[in-house]
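Structure first, then comments.
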Amino acid sequence: MLRKALGGCADLELALRRRDEHSYTLDLRFSLPDSEADIRLQRGAPISITLPRDELARLTLDPQQYGATLTASLFADTELHAALCRAIESAQQAGVPVRLRLDLDETAPELHSLRWETLHHPLTSATLLTSEQVYFSRYLRSADWRPVRLRSRSALRALVVIANPRNVGDYSPGGQPLTPFDVDHELDLIRTSLHDLPVTVISDAPLVNLTTITDHLREGYDIVYLLAHGAMLQGEPYLWLADEQGQAAVVASSELVRRMHDLPHLPRLVVLGSCQSAGPGSDATQSRNLALAALGPRLAAAGVPAVIAMQGNVAIATLQAFLPVFFRELQRDGYIDRAMAVARSSIQERNDWWMPVLFMRLRSGRIWYVAGFGEDGRDFEKWPALIRNIQRGNCTPIIGQRVTESMLDPLGDFARRWADQYGFPLAPHQREDLPQVAQFLAINQDPQFPREELIEQLRSDLLDRHREKLPDAAEQLSLEELFSVISSHSRQHSPNYPYRLLAELPFRIYITANLTNLLTEELRAAGKDPHVEVCRWHEELEGLPSIYDHEPDYQPSIEHPLVYHLFGISNEADSIVVAEDDYFDFLIGVSANKDLIPIAVREALADTGLLFLGFRIDDWPFRVLFRSLMSQEGRGRRRRYAHVAAQITPDEGRVLEPERARAYLETYFQESDIDIFWGSVEDFMQQLSGEWSQARSGGAARLRR
């Protein structure tokens, strides 16, 4: 598959695959920034190589010679060596760093025992990976198809776990007793390294058990730092955690991996701490660190986007230099492999500089973004125009399905569950496309099945994710009643709850692609009397009650706003647009009969500024919305207003290109002015609420300037 070089880097991939018991094949692929094409750097079939593992084992105390030997064997083929040189030279000429990924075959786990970080530069014979211009990772593929959703820099949280059982010294794996950690020292080091990130610490011995760790991880931490003793026992990494009495509990790492895999949201980065010492350490200590290094690829294979481990006995002084630099650089732009390169460069004078290793399944290397109007998070110059439009009733919010992702699993997660449960037969990358999977169910079961299944899935998801917020009899509540309870909790505990902030603003019409009653609940809580309308996109919906039946002259107002559900509502299963055929029928229906859309809604779409919240431009709802509603009459008047599209949190692997996305949207907007906010709805609503509050509390002078 063609792919573009990511993050302004030249993209160089070395793929090692098992050929037979003693040899492997090596394939090189290369691309430059702004190039849509991969370049396969060698001719013909992948080249066969043999790695001298016995000789490398004898060189473990000499990292310089180890790296030279590994490099020579890896690029013994002259054509392969020349190809690598060409790739590095091309990147240098283009003035960009190289993102070097070593793609290791999952059927050859022995490759992870080699010290790839000691590789040499093919031209200078110097160490390759102490350069800040080479971003290196061991790239691991995962059977976990959950997308990695980037988080806003301001939303990152870290969990620190230090396992120090009271009787840890009673254990002697490898013949040498385990040494208790200096917990205060370890906490000082990691807190200093994490700078201003919010940190939760679990270090009291009775709490450092699998259940407590899993419960905390379920809360959705982004960075996890785990410090624990480990050992390889019969080829399996084991960890010394604790039981509920604070005594040692020796746990197979496979159990930790299983529990993390089952979490609804995985941490984006796991850092596995090392058994530290001031010197080179014994063979037993080296073995214990190798146990943690062996855990790294298992966590990555289970779906954790990035794992950092130590492949040897790292000195205290090395970690004290490495960790603060790594986390400082990570907080600069969110690129893990770049932060690793800078941190490794900072310790290159030490003899254990090669020990930190990065296992990663991220193609871009990034775990967070800066929320704002552009990749650099720049400020929005048109806040005055947007605020004025809201004040004068000239702004209409259009709310997408992704607004609820903070309280509900993304609909793509529902699609994956259905694909697994009902044997969806198409390609893996289509398994998170809800309309496509729903279309399969509509054919495989019956047309109504995916609608009813979606309602059941929403209800089950609410019960699972929000059990602690719900009353004891929650199982007896309807879906709408569950939403009402959760909305009340969010209103009280989440200052940036999007629906509360939307309800407090003076909008007359709300157009929503969301199935829930959350917006209606918040409008009522704000003292308003909303009227709910559902698009009657097929004839069986014509009998639904309507405000226009008994108030034909109804005009939406701030006190009596209209909530218009475009793609259905949860308490009317027939109204829900979910399968591909539903979207096509919707498109045909509203295109053939424009009167299906109330005139007040059509006028708002044509003659107000539009505020898109919680869409992604390649989603079915977004595309159908534009095709059907943006073609309504009077669209030329839209160019009089500033429009904003607040994208939902970008997924990893989706290149953040605001200008291209803006150009794409403008093809629909007929040259109207539109600005794209990159970030979550919560990010945007927080900024909008701040601007609105400033305008109301005396900042109106800013609007007149």
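The values are calculated or read from the model by the stated rules, or taken from the named source; none is laboratory data. These numbers come from a predicted model, not from an experiment. Cβ: placed from backbone, ideal geometry, glycine included. Neighbour counts: every protein chain shown. Protein only, heavy atoms only, side chains kept; ligands, DNA and RNA dropped before computing areas. Shrake-Rupley method; radii C 1.70, N 1.55, O 1.52, S 1.80 Å.
Summary table below
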{"read-out": "Meets criteria (open to solvent by less than 40 Å² (accessible area, probe 1.4 Å) and in contact with a Pro (Cβ under 9 Å, 6 or more places away or on another chain)) for ALA343", "value": "yes"}
{"read-out": "Tally, over region 289-306, of residues that are touching a Phe, Trp or Tyr at 6+ places or on another chain (Cβ under 9 Å), open to solvent by less than 10 Å² (accessible area, probe 1.4 Å) and part of a helix (DSSP H, G or I)", "value": "4"}
{"read-out": "Among the candidates LEU197, LEU210, residue that is over 24 Å from MET232 (Cα atoms), in contact with a Leu (Cβ under 9 Å, 6 or more places away or on another chain) and among the aliphatic types (A, V, I, L, M)", "value": "LEU197"}
{"read-out": "Which listed residue is over 28 Å from GLN687 (Cβ atoms), more than 23 Å from the chain's Cα centre (by Cα) and at pLDDT below 90, from GLU468, GLU452, GLU481, GLU432", "value": "GLU468"}
{"read-out": "Failed item, numbered, when GLU475 is tested on (1) exposed (fewer than 12 other Cβ atoms within 10 Å of the Cβ); (2) closer than 25 Å to HIS538 by Cβ", "value": "(2)"}
{"read-out": "Filter pass, LEU129 being in contact (Cβ under 8 Å) with a residue 12 or more places away in the chain, outside any strand (DSSP E or B) and under 20 Å from VAL357 (Cβ atoms)", "value": "yes"}
{"read-out": "Long-range neighbours under 7 Å by Cβ, at least six apart or interchain, first residue without any contact (Cβ under 8 Å) to a residue 60 or more places away in the chain and closer than 15 Å to SER113 by Cα within region 45-72, second acidic (Asp, Glu) and open to solvent by less than 50 Å² (accessible area, probe 1.4 Å)", "value": "none"}
{"read-out": "Hey, GLY273 open to solvent by 20 Å² or more (accessible area, probe 1.4 Å), modelled with pLDDT under 90 and among the small types (Gly, Ala, Ser) or not", "value": "no"}
{"read-out": "Pairs, first closer than 12 Å to GLN391 by Cβ in region 679-705, second at pLDDT 75 or above and of a type in the set (Lys, Arg), C-beta under 9 Å, six or more apart", "value": "ALA695/ARG388; LEU703/ARG388"}
{"read-out": "Selection status of ILE443, surrounded by fewer than 16 Cβ atoms within 10 Å (Cβ to Cβ) and farther than 18 Å from GLY568 by Cβ", "value": "yes"}
{"read-out": "Lone unmet requirement of (1) out of contact with any helix residue (DSSP H, G or I) (no Cβ under 6 Å at 6 or more places or on another chain); (2) without any contact (Cβ under 8 Å) to a residue 60 or more places away in the chain for PRO109", "value": "(2)"}
{"read-out": "Residue within region 151-163 that is among the small types (Gly, Ala, Ser), over 30 Å from VAL681 (Cβ atoms) and surrounded by fewer than 14 Cβ atoms within 10 Å (Cβ to Cβ) present", "value": "no"}
{"read-out": "Which numbered condition ARG350 misses (of (1) at pLDDT 95 or above; (2) open to solvent by 20 Å² or more (accessible area, probe 1.4 Å))", "value": "(1)"}
{"read-out": "Every residue from region 527-581 that is assigned to a loop (DSSP other than H, G, I, E, B), at pLDDT 95 or above and of a type in the set (D, E, K, R)", "value": "LYS528, ASP529, GLU559"}
{"read-out": "Search result, residues across region 401-440 that are open to solvent by 20 Å² or more (accessible area, probe 1.4 Å), more than 26 Å from ILE511 (Cα to Cα) and not in a helix (DSSP H, G or I)", "value": "GLY423, PRO425, LEU426, ALA427, ARG431"}
{"read-out": "Of all residues making up region 196-226, the number that are out of contact with any Pro (no Cβ under 8 Å at 6 or more places or on another chain), open to solvent by 30 Å² or more (accessible area, probe 1.4 Å) and not hydroxyl-bearing (Ser, Thr, Tyr)", "value": "10"}
{"read-out": "All positions within region 569-609 that are without any contact (Cβ under 8 Å) to a residue 60 or more places away in the chain and crowded, with 21+ Cβ neighbours inside 10 Å", "value": "ILE569, SER575, VAL577, PHE586, VAL590"}
{"read-out": "Positions within region 524-550 being open to solvent by 70 Å² or more (accessible area, probe 1.4 Å) and more than 18 Å from TYR510 (Cβ to Cβ), in sequence order", "value": "GLU539, GLU540, GLU542, GLY543, PRO545, ASP549, HIS550"}
{"read-out": "Residues that are open to solvent by 20 Å² or more (accessible area, probe 1.4 Å) and modelled with pLDDT of 85 or more, drawn from region 5-33", "value": "ARG17, ARG18, ARG19, ASP20, THR25, ASP27, ARG29"}
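Yes/no matrix, rows are residues, columns are (1) assigned to a helix (DSSP H, G or I); (2) over 22 Å from ALA126 (Cα atoms):
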{"position": "ILE308", "(1), (2)": "no, yes"}
{"position": "ASN313", "(1), (2)": "no, yes"}
{"position": "LEU319", "(1), (2)": "yes, yes"}
{"position": "PHE322", "(1), (2)": "yes, no"}
{"position": "PHE326", "(1), (2)": "yes, yes"}
{"position": "GLU349", "(1), (2)": "no, no"}
{"position": "TRP353", "(1), (2)": "no, no"}
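One line per residue, one yes/no per condition, for (1) among the aliphatic types (A, V, I, L, M); (2) without any contact (Cβ under 8 Å) to a residue 24 or more places away in the chain:
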{"site": "ARG141", "(1), (2)": "no, no"}
{"site": "LEU159", "(1), (2)": "yes, no"}
{"site": "ILE162", "(1), (2)": "yes, no"}
{"site": "PRO180", "(1), (2)": "no, yes"}
{"site": "VAL183", "(1), (2)": "yes, yes"}
{"site": "VAL199", "(1), (2)": "yes, no"}
{"site": "HIS216", "(1), (2)": "no, no"}
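Yes/no matrix, rows are residues, columns are (1) of a type in the set (Asp, Glu); (2) at pLDDT 90 or above; (3) open to solvent by 50 Å² or more (accessible area, probe 1.4 Å):
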site: ARG40; (1), (2), (3): no, no, yes
site: ALA45; (1), (2), (3): no, no, yes
site: THR50; (1), (2), (3): no, yes, yes
site: LEU61; (1), (2), (3): no, no, yes
site: GLY67; (1), (2), (3): no, yes, no
site: THR78; (1), (2), (3): no, no, yes
site: ALA87; (1), (2), (3): no, no, no
site: ALA91; (1), (2), (3): no, no, no
site: LEU104; (1), (2), (3): no, no, no
